[in-house]
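Before any comments, here is the structure.
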Amino acid sequence: MKIHKSSIIAVVWLSVIAVLLSACSLLAPQSQTRTLEGDEREAVLEYATPMGENLITGLINRDYQTFSKDFDATMKKGMDEAAFEKLLTTLTDKLGAYQSHEISQVLQDDKYSIVIYRLTYEKDNLVTMRIVFNREEPHLISGLWFDSPELRKK
């Protein structure tokens, strides 16, 4: 029985490709974030909107108690009153006065629901605020990020 060199090379390459593909699948994230629409979106907004409004009202009124009212324990440790004051200073200095907000997107993965707001400030109308909620009851806030071209400037 004659085995051709090209056949051996093909089998070796196919084996290498199979190993690489299986390794990639092991490294791939187990949880995928997806955009919610319709009833799923509304179900998240039912609990997320009042908490988001508390957070935004707290920012506008410079009131830490209202701002942090719906934080989970980890979030309260990470965003204490001193961090809140720094956030307010940064937002005011770089963005100016707050003007308005609207919900732009609702996302979800296995553990979290994410509501992305578009905020308009005096100096920047491209501000995004991402609020992360635990999917488990009572759906407390476990993450908060702000981003905009002005905030990224040094």
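Tabulated values for the structure
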{"quantity": "Residue in the stretch 107-137 that is nearest to Arg34 (Cα to Cα), counting only those that are touching a residue at least 40 places away in the same chain (Cβ under 8 Å) and in a loop (DSSP other than H, G, I, E, B)", "calculated": "Asp109"}
{"quantity": "Those residues of the stretch 89-121 which are of a type in the set (Gly, Ala, Ser) and more than 12 Å from Val44 (Cβ to Cβ), in sequence order", "calculated": "Gly96, Ala97, Ser100, Ser104"}
{"quantity": "Residue in the stretch 83-95 that is of a type in the set (Asp, Glu), at pLDDT 90 or above and part of a loop (DSSP other than H, G, I, E, B) present", "calculated": "no"}
{"quantity": "Some residue of the stretch 61-70 being farther than 15 Å from Trp145 by Cα, under 20 Å from the mean Cα position of the chain (by Cα) and touching a residue at least 40 places away in the same chain (Cβ under 8 Å)", "calculated": "yes"}
{"quantity": "Hits in the stretch 93-115 - residues which are under 15 Å from Ile56 (Cβ atoms) and either loosely packed, with under 13 Cβ neighbours inside 10 Å or not aliphatic (A, V, I, L, M) (or both)", "calculated": "Ala97, Tyr98, Gln99, Ser100, His101, Glu102, Ser104"}
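The values are calculated or read from the model by the stated rules, or taken from the named source; none is laboratory data. Keep in mind that this is a model prediction, so the values were computed, not measured. Counting neighbours? That spans all protein chains shown, and the Cβs are built from the backbone with ideal geometry, glycine included.
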